[in-house]
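What follows is a short report on a single structure.
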């Protein structure tokens, strides 16, 4: 997988969490994802077309997304309700949009569909594609989140 | 939502189930989806761009997808394992591709990302978009499945 396509998603996630939710996310070590076990309690998924075909997902642990939404809206949230799911969709849109703008600067033009949000304890996510799936784990003071990017070869 | 965009997805789902898995699916009454409760035990999700931006999902009850995969591979399957998840991704790809070919004939050109498969009891799916979300329920002798299509206005 082309690192030029991956790094902008990593930078976008850090940037969006910081500017929108005032949360510092510390990136961990990216790894190739082999299995489809759940990486969080709520996930945003978005399909990508254009110069590369694939999908991006971001999965939040409950503590992390509740802290994000509390900071976004200025009102305390402690459960994954419809408002939180909408916020996950918005974060997914913003991170994908931020990454696409960074890639546009490198002459790589990607389009995105609309996000879908999945919630449920122990849900699993499997990206169906012909290339590798890269998982990028992040830590925040309130819990972790993971960005996954998968493209066709 | 433009019925010209919706009907081809309905026809594609019936056609793919019949030709690939030899299963007759009886369409129920389509409805506008207001809430995000789970419509199945395993779902395929695909993002759509081009003339319309949105997402399509297909959620299978366990009995239905096990019958589909049993017919596809000619070997009995009774749990949602990695093979079944891959098959859900393939069915999602095929239904979306079939619908896109039908739409192409009407001069509507859509592109699709790669599918993502979500499994988990009681998982919920929320399409984030500015237009309505149409749910199309189907019945088969082995259980039901639901196709959902959501586009931005």
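The values are calculated or read from the model by the stated rules, or taken from the named source; none is laboratory data. All values reported here derive from a predicted model rather than from experimental measurement. A quick note on method: Cβ atoms are made from the backbone with ideal geometry, for glycine too, and the neighbour counts reach across all protein chains shown.
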(message) Suppose we filter A:34, A:18, A:29 for residues that are more than 10 Å from every other protein chain (Cβ to nearest Cβ), at pLDDT 95 or above and surrounded by fewer than 19 Cβ atoms within 10 Å (Cβ to Cβ); which single one remains?
(response) A:18
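State all residues of the stretch A:136-149 that are crowded, with 21+ Cβ neighbours inside 10 Å and more than 10 Å from chain B (Cβ to nearest Cβ); if no residue qualifies, say none.
Passing the criteria: A:136, A:138, A:145, A:146, A:147, A:149.
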(message) Whether any residue in the stretch A:99-112 is outside any helix (DSSP H, G or I), free of Cβ contacts under 8 Å to residues at least 60 places away in the same chain and away from every other protein chain (no Cβ under 13 Å) is what I want to check.
(response) yes
(request) Take the stretch A:117-135 and flag every residue that is touching a helix residue (DSSP H, G or I) at 6+ places or on another chain (Cβ under 8 Å), in contact (Cβ under 8 Å) with a residue 40 or more places away in the chain and facing chain B (nearest Cβ under 7 Å). (result) A:117, A:119, A:124, A:126
